[in-house]
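A.B. asks: Have a look at this one before I ask anything.
Nothing in this text is a laboratory measurement; each read-out follows from the coordinates by a stated rule. Because the structure is a prediction, the values reported are computed rather than measured. Heads up, the Cβs are rebuilt from the backbone with ideal geometry, glycines too, and the neighbour counts pull from every protein chain shown.
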Amino acid sequence: MATDGETPNSPAEDEMLPDEREVLSERGKALDEADEDDLLTVDEVAADLGIDLDE
């Protein structure tokens, strides 16, 4: 799990199941096509979940 601004380690593509590769590809395309106004920031998600990021 990534913390403090670190990026998570992604598994090697050859270690992924075929359906995992397909889903990730589809989600990547959906994110590319998404309107910036539809995406949430970390702060917005944390507030929605009641998480205090300042702790």
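A.B. asks: Starting with the fewest neighbours, write out V42, V23 ranked by other beta-carbon atoms found within 10 Å of each beta-carbon.
C.D. replies: Lowest to highest Cβ neighbour count: V42, V23.
A.B. asks: Then there is this: Once every DSSP H run of n ≥ 4 in the chain is given -39500 (n - 2.57) and the sum is divided by its residues, what mean residue ellipticity at 222 nm do you get, rounded to the nearest 500 deg cm²/dmol?
C.D. replies: -13500 deg cm²/dmol
A.B. asks: Would you look at the GNM of the chain, springs on alpha carbons closer than 10 Å, and say which of E33, E44, E13 moves the most?
C.D. replies: Between E33, E44, E13, it is E44 that shows the largest mean-square fluctuation.
A.B. asks: Multiplying the sequence separation of A47 and D19 by 0.36 nm and subtracting their Cα-Cα distance, what value in nm do you get?
C.D. replies: The A47-D19 span can extend by a further 6.8 nm.
A.B. asks: For the chain, restrict the atom set to alpha-carbon positions and state the Rg and Dmax in Å.
C.D. replies: Values for the chain (Cα only, Rg and Dmax): 14.8, 39 Å.
A.B. asks: Along Cα→Cβ, 7 Å out, is where each label goes; now give me the distance between the ones at L40 and A12 in nm to one decimal.
C.D. replies: According to this spin-label approximation, the distance is 3.5 nm.
A.B. asks: If you don't mind, another one. Rank the residues D14, D48 as a footprinting-exposure proxy: fewest other Cβ atoms within 10 Å of their Cβ go first.
C.D. replies: Going from least to most buried by this count: D14, D48.
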